[in-house]
C-alpha cells in the first residue's frame, strides 16, 4: 500500500523542520506548505491523511485556511490539528474547533504526544483506503457475477434450441445435417464448461 501523505503548514522553516524530525519515524510522506494559499494548492492535487496547521501565519491565517478546506467537497473530511504558540484561553480554543479542527495543540508540545495523535489519523486513513479498495473489488465481482448469470441463462436457451434441432435432424435422412448437429452440440457443451469454470 502507498504511504499516507501528511500536510505540514507553517510559515516558519524551523517549525517545519521540527515537525519533520518528529514525524519522520512514522515513515509516511511529509508535504510542506509555508502559507495557507500554498496548502490549498497542495490539497487540489493530493489526498492527505491529516493536516497540521499553524494558527498564526501572515496573510491567510490558520482559521481562514481551515474554513476554506472545510468548504471544499474534496477536502472537508481531512482531519486538521491546529498548532499554536499563543493561548488566549477557551475562546481561542473554541474558535479552532469551530473552524473544523479535530485537535488543538499549544507550542511547545510533547513530540511523543503529537506523533501518537498523527499516527492515529494515519491508521484511520489507511484503513479507510483499504475499505474503499475492498468495496470497489466487491462491486466488480458483483458486476461479473451478474454478467455470468445473464450469459448462463442465454446459453441455456441456446442449449434447448440445439437439443430440439438435433432431435429433428436425427429423424432426417441427411447424414451431413446430423453431423453438423453433433458438432454444434459439442461446441455448446464446451461453451457451457467454460462458463461453469468462470462461475466457479
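The values are calculated or read from the model by the stated rules, or taken from the named source; none is laboratory data. Quick caveat, the model's predicted, so the values are computed rather than measured. Cβ atoms come from the backbone with ideal geometry, glycine included; neighbour counts cover every protein chain shown.
Kindly indicate which of 176, 162 is loosely packed, with under 10 Cβ neighbours inside 10 Å and at pLDDT below 80.
Working: 162 fails: loosely packed, with under 10 Cβ neighbours inside 10 Å.
The match here is 176.
If a residue has to be surrounded by 15 or more Cβ atoms within 10 Å (Cβ to Cβ) and not in a loop (DSSP other than H, G, I, E, B) to count, how many in the range 95-110 make the cut?
Counting residues in the range 95-110 that are surrounded by 15 or more Cβ atoms within 10 Å (Cβ to Cβ) and not in a loop (DSSP other than H, G, I, E, B) gives 5.
Among 198, 131, 114, which is at pLDDT 80 or above and in contact with a helix residue (DSSP H, G or I) (Cβ under 8 Å, 6 or more places away or on another chain)?
None of the other options fit; the residue is 114.
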